[in-house]
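Scroll down for the structure; my scribbles are underneath it.
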Amino acid sequence: MFFVAFFGMNDKEEHIGAFSGEGCPSCGQLSQFAVSKTYRNLEVFFLPVYKWNVRYIARALCCGAVFELDPILGKDLEKNPYIKIRPENLRRIERQSPFKYCPNCRVDVPNEFAYCPYCGGKL
């Protein structure tokens, strides 16, 4: 948080929920997505006044791939949790992570491993 005199800026992240999808664009499996909302906040005396840079982030629970969700669909998901997430509503976020994701035991494994040290599955 950045705060000067009466004003401040803060980055926030809110968990919206887990939603079903038609399929993961990354691995092709039928999956659920954990959706969160991130934004930057302008605060006056620690009270939020204005939000900007609102993004909806969806993480596939099958393989751990991270996507940016269409903002219109993100707003609809906040109101109606029964909407399905379709692959055309997702845009892959390329990120450099020091970890790979094991879909068998659902843990993060360091990049230098070709096989999961916990379950032995191929990464």
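Numbers below:
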| read-out | value |
| --- | --- |
| So Glu94, is it of a type in the set (Asp, Glu), at pLDDT below 85, within 16 Å of Phe67 (Cα to Cα) and exposed (fewer than 13 other Cβ atoms within 10 Å of the Cβ) | yes |
| Candidates Glu112, Glu68, Glu78, Glu88, filtered to the one that is assigned by TED's automatic domain parsing to the domain that holds Tyr56 and surrounded by fewer than 13 Cβ atoms within 10 Å (Cβ to Cβ) | Glu88 |
| Within region 9-63, considering residues that are surrounded by 13 or more Cβ atoms within 10 Å (Cβ to Cβ) and either hydroxyl-bearing (Ser, Thr, Tyr) or outside the structural domain of Asn80 (by TED's automatic domain parsing) (or both), the one nearest to Glu88 (Cα to Cα) | Ser26 |
| Selection within region 1-60 - among the small types (Gly, Ala, Ser), touching a helix residue (DSSP H, G or I) at 6+ places or on another chain (Cβ under 9 Å) and touching a residue at least 60 places away in the same chain (Cβ under 8 Å) | Gly17, Gly21, Gly23 |
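The values are calculated or read from the model by the stated rules, or taken from the named source; none is laboratory data. Predicted model, so just to flag it, every value in this text is computed and none were measured. Here Cβ is always computed from backbone atoms with ideal geometry, including for glycine, and neighbour counts include all displayed protein chains.
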